[in-house]
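Rule-based calculations on the coordinates, nothing more; no lab input. All values derive from a computational prediction rather than experimental measurement. Please note: Cβ atoms are built from the backbone with ideal geometry, for glycine as well, and neighbour counts cover all protein chains shown.
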Amino acid sequence: MSLLRATGIHAGYGGADILRGAELEVAANEIAVIVGPNGAGKSTLMKAVFGLAAVHEGSITFDGSAITNHAPDRLVRGGLSYVPQERNVFASLTVSENLDMGAFTRRDDTTADRERIFSIFPDLADKRRQPAGQLSGGQRQMVAIGRALMVRPRLLMLDEPTAGLSPKFVDQIFERIAAIRDEGVAVLMVEQNARRALHAADRGFVLVNGQTRFADTGDALLRNREVAEAFLGGAGP
Amino acid sequence: MIEIAQLLVFGVVLGGIIALGAVGVSLLFGILRFAHFAHGDMMTLGAYIAFFFAATLGLPLYFAFPIAIVATIAIAVAIDQVLYRRLRRTAPVILLFSSFGMALILRSVVEMIFGPDTVVYDNAIRLPWTVAGLRIKPDHVVILAGTALLVAALHLFLRHTRTGKAMRAMADDPDLARVSGINTERVIVWTWVIGGGLAAAAGMFLALDTRLVPLMGWHILLPVFAAAILGGIGNPYGAILGGLAIGIATELSTLILPPVYKPAVAFLVIVAMLIWRPTGLFAGR
Amino acid sequence: MELPGLLSFLVFFVTFAGLYGVFALGLNVQWGISGQFNLGVHAFWAVGAYTSAILTTEPGGAHLGGFGLPMIAGLAAAMILCALLAVLVGLITVNLRTDYLAIATIGIAEVVRLVLKNEAWLTNGVRGIPGIPRPFAELGGDAPALVFLAIVALALGLVYAALEILRRSPWGRVQRALREDEAAAGAAGKNVTGFRLQSFVLGAAIMGLGGGLYAHFFAFISPEAFDPLITTFVVWVMLIAGGSGNNLGAVVGAFVIWGIWSGSGFLTELLPIEFQTRAGSLRILLIGILLQIILLTRPEGLIPEETAPRRKSGGG
């Protein structure tokens, strides 16, 4: 029963299309990752889902309804949430205020959710009044994810959540993502850290040159000789 | 020494007026990403609307002021929805130039209706008080109190209301704000409400301190921009401090420069900031 | 010789339009070639005018002057002084993003105006400089006007030709490349700052020429004549209406907008007498509204460029 489904996507930012027939599918309660070489269009695919890149062909559905080219704030209200790779916190706002911004579309009392975020990310609990710009990279990433969770999404989309983080934080982030999935939120991630990501994933999509070349469970992709040689390289954690 | 203190008094009054204008410019610059060249003339508009209700219709000033603020807000929002909104998707230069043209439109309307000559709210002579050797006009007290009140209200709005926080978020990062689901068009309208309202207040205070003349807003536009840049674009608190700094610097400059060159002080500040620290003293955007 | 009224007016119209054309061409060098949003045109206009005036008037004023040099020397000096001013200004502004550049140029123009108004030893302050010589004034009648028309036409033609040649030259190609993709051009080793400064200075020199011609056209200048409304703003509207980024557009825009401005002058003369005093503001209002309409409907102007620039303007 797929929550999110994208088929035959041709999309770009004006100029030539970066995605030429990309596809993916995410079921509820699972972690799906998009991996692939640089320039394959991984971020673009995520942006295309979230209405930040123009989709010229293909369709995207969420919970059965079409969401192709819908505006971001509409998608947020529909249960999608997105964390960009860079500039993903409001640097001049405090941690608490960042979380409030995540809950902007909600009209009800969000205190309980805010406390939940602080229990998922205990490191942030004593920093709630600090401007987010003063935190370390790893802590900022937690704020960014926390912000996206405040809207109680059914699908959380993360663009390279571990980019530039120290190994300690990388471990923590992956741990937290698993916990988030266990709480009933589906997760879609773009990850540079392909090996690690596929290990943690229920499902993986390998994107090459704007197209989905391989789609399978995380373990199956890890065992796939072709995928391992061409895209996972010999190195990596 | 007394002379310096007196200049400081003038400087703080002028600084308050500039600060009110600079907050609006800073928020508009940060959220809508363009230099609002019509801001000075929006101040002029507010001042003259108050003049209409006060001098022409004979209402007391404390009625005319709030009415003028509301009227200016309405006009500011209308201009945005009718004109700037259509230009948002085009190159930012077009918005800049459109606002430059809007400045002229506002100014010429004011001049057409009220004429080019100097006017004042009322001709009552209010003698200055002498406090600790300093001359303080009653108008100065009104301006300072009014400015303090508006700044406090602004602070409460930005810190404790949903829309206020969303405004700060948008000024910080408009793209992330969109991604977070913030209704950006609503926040933009609120930005014009704040910007227009504060501009009207600044214009009225300026008219109270000096007089009304169609070019009054245009002449203070440069100091307003200077204050916004000094405080960091998108940082309303920085804009307030920047305004006070510019006001004080302008008045103190008369100790070494001929008074006719007072306007040059703001320009020097702009140049210094742009060369040395374009992001502003308080690390704005 | 005397010309019938209409013809006389036409001569005035075409001369003044041609003068504006020179300014529009100068501004186009700064904006069209290198994307520099100069809102301080009136500063260069004034400096050019005052330079030529000071150098060519006869002795007798309480201010600097009385050199009595021929007009051509005045014009040359006007161009040089404007170029120098542009170098000073450019060093500050040349790498600023558009919004900041606009603000900075307005500030500079303000300072220039303050100096012109207050340093009476230099400029005679608000009293202005009268008696600026007109070439062939001794011919009498309308002949000097025709001569001046010829001079302006010549100047406009020379500037236009020179700019067209420049456009096709290697220098012009580098400028176009810079406009398309500054980062790439910079990486390719081109001195971005240097090229932008050159274009800024060249544009300013042309404005200086216009300013000098203006002074000799009206024979009297004062700081009031350089109000940013009838100078900077109008020239910008001309450039945008005609088609910013190309020289022909600049000249066409000058004539068209000057035509509309003059036309509005005629229309307001038809108004009842009570409205006459407000006629000036009404005309500005009309031009302002016209500008908004242009920006909303056809921002590329009457004569669009072949390829629009992808310049990284302010707001990025």
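Placing unit charges on the Cβ atoms of the charged side chains and taking the dipole of the protein assembly as shown about its Cα centre, the candidate lying farthest along the positive direction among C:ILE132, C:LEU122, B:LEU45 is B:LEU45.
Kirkwood analysis of chain B, using all unique Cα-Cα pairs, places the hydrodynamic radius at 19.0 Å. When the protein assembly as shown is described by a simple charge dipole with +1 on each Lys and Arg Cβ and -1 on each Asp and Glu Cβ, the residue from A:LEU198, B:LEU154, C:ILE260 located farthest towards its positive end is A:LEU198.
Using the beta-carbon distance between C:ALA153 and C:LEU6 and R0 = 30 Å, what value does 1/(1 + (r/R0)^6) give for FRET efficiency, to the nearest 0.05? E(calc), rounded to 0.05, equals 0.95.
Sorted fewest first by neighbouring Cβ atoms within 10 angstrom, C:THR51, B:THR118 come out as B:THR118, C:THR51. Cβ crowding within 10 Å, taken as a proxy for footprinting-reagent exposure, orders C:TRP258, B:TRP129, C:TRP171 from fewest neighbours to most as B:TRP129, C:TRP171, C:TRP258. In degrees, nearest 10, range 0 to 90: what is the angle between the Cα axis of helix B:61-79 and the longest Cα principal axis of chain B? Helix B:61-79 sits at roughly 30 degrees to that axis. Based on the Stokes-Einstein relation at 20 °C and a viscosity of 1.002 mPa s, and on the Kirkwood radius from alpha carbon pairs, chain A is assigned a translational diffusion coefficient of 120 µm²/s. Counting other Cβ atoms within 10 Å as a rough exposure proxy, the listed residues B:THR130, C:THR93 run B:THR130, C:THR93 from fewest neighbours to most.
Rounded to the nearest 0.05, the FRET efficiency derived from the C-beta distance between C:ILE165 and A:HIS56 at R0 = 41 Å is 0.40.
The value of relative contact order for region A:84-152, using C-alpha pairs under 8 Å at least six residues apart, is 52 percent.
Approximating the spin labels as points 7 Å out from Cα along Cα→Cβ, the A:ALA178-to-B:ALA145 distance works out to 6.6 nm. Placing a pseudo-label 7 Å from each Cα along the Cα-to-Cβ vector at C:ILE80 and A:TYR13 gives an inter-label distance of 4.9 nm. Each Lys and Arg adds +1 at its Cβ and each Asp and Glu adds -1 at its Cβ; summed about the Cα centre, the protein assembly as shown shows a dipole of about 920 debye. Considering all different alpha carbon pairs of region B:1-65, the Kirkwood hydrodynamic radius works out to 14.0 Å. Over the residues of the protein assembly as shown, the helix contribution to mean residue ellipticity at 222 nm works out to -19000 deg cm²/dmol, using -39500 (n - 2.57) for each DSSP H run of at least 4. Could you pull out the pairs from A:LYS127/A:LYS168; A:LYS168/B:LYS165; A:LYS42/A:LYS127 whose alpha carbons sit more than 22 Å apart here? Cα-Cα > 22 Å for A:LYS168/B:LYS165; A:LYS42/A:LYS127; rest within. Across region A:1-50, the volume of the C-alpha convex hull divided among the residues equals 72 Å³ per residue. For chain B, the longest principal axis of the C-alpha atoms and the axis of helix B:138-160 are separated by about 20°. What fraction, in whole percent, of alpha-carbon pairs in region C:25-80 exceed 19 Å separation? Above the 19 Å cut-off, region C:25-80 has 41 percent of its Cα pairs. A Cα-only calculation for region A:84-152 places Rg and Dmax at 10.7, 31 Å.
Here the dipole of chain A is about 320 debye; that uses its Cα centre as origin and unit charges on the Cβ of Lys and Arg (positive) and Asp and Glu (negative). Taking GluC sites (Glu not before Pro) in DSSP loop conformation with at most 16 other Cβ atoms inside 10 Å as exposed sites, chain A has its longest uninterrupted site-free stretch at A:87-182.
Simple point charges give the picture: +1 on the Cβ of Lys and Arg, -1 on the Cβ of Asp and Glu, and for chain B a dipole about the Cα centre of about 700 debye.
Take each residue of peptide A:71-83, count the partner chain Cβ atoms within 10 Å of its Cβ, and average: the result is 3. Per-residue packing, averaged as other Cβ atoms within 10 Å, sorts the ranges A:140-152, C:211-223, A:59-71 into the order A:140-152, C:211-223, A:59-71, beginning with the highest.
Of the beta bridges in the protein assembly as shown, as assigned by DSSP with both residues counted there, near 60 percent are antiparallel.
Paramagnetic label reach from A:ALA215 (point 7 Å along Cα→Cβ; backbone nitrogen cut-off under 11 Å): within region A:12-39, residues A:22-27.
In this simple spin-label approximation, B:LEU255 and A:ASP126 carry label points 7 Å from Cα along the Cα→Cβ vector, and these lie 4.7 nm apart.
The ratio of the alpha-carbon radius of gyration of region A:137-224 to the globular-protein estimate 2.2 N^0.38 Å is 1.09. Rg/Rh, computed from the Cα trace of the protein assembly as shown with Rh as the Kirkwood radius, has the value 1.03. With the largest listed first and rounded to whole Å, the semi-axes of the equivalent ellipsoid of region C:54-99 from the Cα gyration tensor are 32, 12, 7.
Just so you know, the Cα atoms of region B:1-122 work out to an Rg and Dmax of 16.7, 54 Å. For region C:5-227, pairs of C-alpha atoms spaced more than 31 angstrom apart make up 24 percent of the total.
Look at the stretch C:110-120: the mean tally of other chain Cβ atoms within 10 Å of its residues' Cβ atoms is 3. Dimensions of region C:113-228 from C-alpha coordinates, computed as largest minus smallest value along each principal axis and given longest first, are 57, 36, 19 Å.
A dipole drawn for the protein assembly as shown from +1 and -1 charges on Cβ atoms has a positive end, and of C:GLY301, A:ALA16, A:ALA6 the residue lying farthest that way is A:ALA6. Once the Cα atoms are used to define both axes, helix C:143-168 deviates from the longest principal axis of chain C by about 10 degrees.
Counting Cβ atoms of other protein chains within 10 Å of each residue's Cβ and taking the mean over peptide C:271-284 gives 3. Between A:THR111 and A:ARG223, the C-beta separation translates, for a Förster distance of 45 Å, into a calculated FRET efficiency of about 0.50.
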